[in-house]
Structures are given as C-alpha cells and as structure tokens.
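Quick note: the coordinates plus some simple rules give every number you see, no bench work behind them. This structure is a prediction, so every number in the text was calculated from the model and none was measured. Please note: Cβ atoms are built from the backbone with ideal geometry, for glycine as well, and neighbour counts cover all protein chains shown.
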C-alpha cells in the first residue's frame, strides 16, 4: 500500500482520471456507437486495475468489466467499481453517464466517488452534502426500465417521474435537489450501487432497499433487486408506500 495516497484521495482521483480518459476517447470522434462504448469500458477498466494493482495490491476488487475473483469474499477491503455506468448514454453523446468508484470496508462504502464527466464534477463521500429546501416533487427513475412501483409512489405523493440513464447520475440528481427520490426495481448489481449509495449516505440522504433493508456489499451474489435513495424526511412515507405496493402486487 502506498501511504502517500490516502483512500479518500485515491477514490476521488480514480473517478476524476477515468472520466478524463473517457472524455478524451469520445472527444476525438474516431469511434461511434457500440465500438465507442466497448473501447470506453475496456480502457477505463484497464487503467483503474493498473492503478489499484500499484497502490492497493492487497485489496479485493469487483468490477462490471472484469471476471469476478472469489478471493474478494475473504477480504475486509474491496474496491467495487463501474468504470463506465451508462455505456449507451456515453456512446450516443448523452450527458447522463458516470464513473463509480467505491472502497467497501466490512460491507459498507467507506469511501466513494461518482464522476459526471460531462458536467465537470466529481461527487465525493469526503465532502458530500445534499441540497435541502423546498421539495422538487419529482421522482427519478430508469430511462429504459421505469418500474411500476415508482409510478405508484409518485402518484400517492402527488409527484411526477422522469427517466435518466446512469444510476450514478440519478442518485446525484437527488443529492443536487433536482429530484426528491430515486426509486429502482428490476435489479442492479453491486457496481451499479456501491459508489452512488456511499456518496448519498455521506451526504445525509437515505439509502436502502425498497423494503427498508440495509444495503450490504461484497456479497457472493452481487445482484440487488431494488433501491431507494431519497431525502431523509420522505423515507418513512416512501417505504410505507412501497410496502403497500408489495402487499398488493407480490413483488416490485
């Protein structure tokens, strides 16, 4: 372990550097569509893996773009990353893609960063604060797979819903106060959630399963069925509405 780079700084630099790499390969315009997305995934993954191999060689590692090594399950410290969350959005010129970097210690995100490179910002758990004030009265959902439970919750609250791409982009829009809640059902993986949840929790937002169950990472099964990130004052009401929906429909 290289002592000169703290965990918090390494997390932030990984998010920032990955974002710059991805913007660079998109900016020159030599690749398009799926080729651009694949190149972004590969190059970002390779750079992150090399940095961690040099600076944190003893830590575990879990990434969407790498084969899972079960040895991580025996480690207290595990980096959970998505080098490019929202590959389709990145490849088609949209802004709602992100870089997710999280260091999970004993199942919880201890340090996390979410970069939104096209907006020129990195949200970090070391200094995250969510916006307070009047409610936006909006729920952010998946652009491609908006869940019915989100419509139910929004309707009962008198809110509207709007779709975005990356999970990180959706979560950070709640932190910014543009939306009051991010509701997801239909499944994600740990790399989709660990960094956004880490930043959200550090900022004072609520984050849990839609059942209210605590989110725990570095599990053998990396699939997580659902997610709620919201303003803390809305958490109990939203979880109650989700419970009502589950009782009526049997699933989210």
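For the chain, what relative contact order do you get, as a whole percent, if you take Cα pairs closer than 8 Å and at least 6 residues apart? Provide the component values of the computation, followed by the final result.
Working: 536 pairs, mean separation 45.4, N = 252.
Reported as a whole number, the value is 18 percent.
Helix 148-157 and the longest principal axis of the Cα set of the chain meet at an angle near 50°.
Taking N as the number of residues in region 138-249, what value does Rg over Cα atoms divided by 2.2 N^0.38 Å take?
Numbers: Rg = 12.6 Å, N = 112, 2.2 N^0.38 = 13.2 Å.
Relative to the rule-of-thumb radius for its length, region 138-249 sits at 0.95.
How far is the Cα center of region 213-228 from the Cα center of region 126-170, in Å? So the two Cα centres are separated by 20 Å. In the chain, helical runs assigned H by DSSP with n ≥ 4 each contribute -39500 (n - 2.57); averaged across all residues and rounded to the nearest 500, the mean residue ellipticity at 222 nm is -12500 deg cm²/dmol. Legend: calculated FRET efficiency, residue 73 to residue 46, from the Cβ-Cβ distance at R0 = 22 Å, rounded to 0.05, equals 0.35. Between 0 and 90 degrees, the angle of helix 190-203 with respect to the longest Cα principal axis of the chain falls at about 70 degrees. Using only the C-alpha atoms, the convex hull of region 207-252 corresponds to 69 Å³ per residue.
The orientation-averaged projection of the convex hull spanning the C-alpha atoms of region 7-124 amounts to 6.8 square nanometres.
Relative to the longest principal axis of the C-alpha atoms of the chain, give the angle of the C-alpha long axis of helix 33-55, reported between 0 and 90° and rounded to the nearest 10°. Orientation of helix 33-55: about 70 degrees from the principal axis. The smallest convex shape that holds all Cα atoms of region 82-214, its convex hull, gives 104 Å³ per residue. Length available on full extension from residue 211 to residue 6: 0.36 nm per residue minus the Cα-Cα distance, which gives 70.3 nm. Extension gain for residue 132-residue 220 works out to 28.0 nm (0.36 nm per residue, less the C-alpha to C-alpha distance).
For a test of the definition: using alpha carbon positions, the gyration tensor, and the 1.5 limit on a/c, classify region 96-157 as rounded, prolate or oblate. Write out the running numbers ahead of the final one.
Numbers: a/c = 1.74, a/b = 1.66, b/c = 1.05.
Here region 96-157 falls in the prolate category.
Among beta bridges identified by DSSP and lying wholly in region 138-249, the antiparallel ones come to about 60 percent. Each part reduced to its alpha carbon centroid, region 45-62 and region 16-33 end up 21 Å apart.
Distance between the 7 Å Cα→Cβ label points at residue 94 and residue 246: 2.8 nm.
So what's the convex hull volume per residue for the Cα atoms of the chain, in Å³?
Details: hull volume 29.3 nm³, N = 252.
Cα convex hull per residue, to the nearest whole number: 116 Å³.
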